[in-house]
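Laboratory data are not the source of any read-out in this text; all were calculated from the coordinates shown. Bear in mind the structure is a predicted one, so any value in this text is a computation, not a measurement. Cβ placement follows ideal geometry from the backbone for every residue including glycine, while neighbour counts extend to all protein chains displayed.
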Amino acid sequence: MYGETDYYPKAAFNKFGNNVSEEANPKINSILLHKVIIDGKEKVKTPKVAANCIEYNVKVDKKEKIDVPVLAYKRTTVMLNGKNINYAISSRGTVVVDGNKGNNRISVSYQPSKLLYIGMMVSVITWIGLLIGLIFSKRRNVN
C-alpha cells in the first residue's frame, strides 16, 4: 500500500504475482509482521531498530537455523552475538543464520557502496566551490 514491497527480491513473492494480501502472498506478510522462523515454526519477535541496523534477540533450545524477517541484498552484513558471520538466503528472500543454543543476538545491516561515498564527496566539494564562487562574485561587484 505504501511501497513497502517495491524493492523486495523476487524470492519474497509467491507465484501469484505482486499481490500482498495474506491469502495470496503469506511470505510477504510474514516479513512485514516480523515473524522469525525457527525450525519451521513462526514466532513474532519485536526488532530493535537503529540507523542501518535491525537486531533480533532469539532464544533457542538447541543449535538450529533461524530465519529472521530481514531481506538479504547484495551488501548485507550479519553479526551473530557480536561476530561477523556468513548467512544463507531463505525461500522468502530473508537472512538465515545457524543459531547457537541459548540466546542469539542477530544484527543485520547494509554496507553502502563506495560509489555512494564518492558521490557525497563530489557533492560537498561542488557546494564548497559554489559558495566560494558566490563570495568572490559579490566582492567583485562591490569594487
>> Expected output is a single nm value to one decimal: the length gained when fully extending between ASN84 and SER113, i.e. 0.36 nm times separation in residues minus the C-alpha distance. What is it?
In response: 8.6 nm
>> For the pair ASN103/ASP61, report the inter-label distance in nm, with labels modelled 7 Å from Cα in the Cβ direction.
In response: 2.0 nm
>> Using the basic label-point model (7 angstrom from Cα toward the beta carbon), what is the GLU42 to ILE128 distance in nanometres?
In response: 5.2 nm
> Which ordering of VAL108, VAL58 is given by a fewest-first count of other beta-carbon atoms within 10 Å?
Replying inline: VAL58, VAL108
> Taking the Cα-to-Cβ direction at SER137 and at ALA50 and moving 7 Å from each Cα, how far apart do the two end points lie in nm?
Replying inline: 4.4 nm
> Using θ = phi - 60° and the Karplus form 6.51 cos²θ - 1.76 cosθ + 1.60, what ³J(HN,Hα) does each residue of the range 125-135 get, whole Hz, x for Gly and Pro?
Replying inline: 4, 4, 5, 4, x, 5, 5, 5, x, 5, 5
> If you plug each phi of the range 51-58 into the Karplus form 6.51 cos²θ - 1.76 cosθ + 1.60 with θ = phi - 60°, what whole-Hz ³J(HN,Hα) values come out, in order, with x for Gly and Pro?
Replying inline: 4, 6, 7, 10, 10, 10, 9, 10
> Among the lysines, which have Cα under 28 Å from the Cα of LYS43 when same-chain residues fewer than 8 positions away are ignored?
Replying inline: LYS10, LYS15, LYS27, LYS35, LYS59, LYS62, LYS63, LYS65, LYS74, LYS83, LYS101
>> With only alpha-carbon atoms in the gyration tensor, what are the semi-axes of the equivalent ellipsoid for the range 10-111, in Å, largest first?
In response: 22, 15, 12
> Which trypsin sites (Lys or Arg not before Pro) from the range 93-123 combine a DSSP loop assignment with at most 15 other Cβ atoms within 10 Å?
Replying inline: LYS101
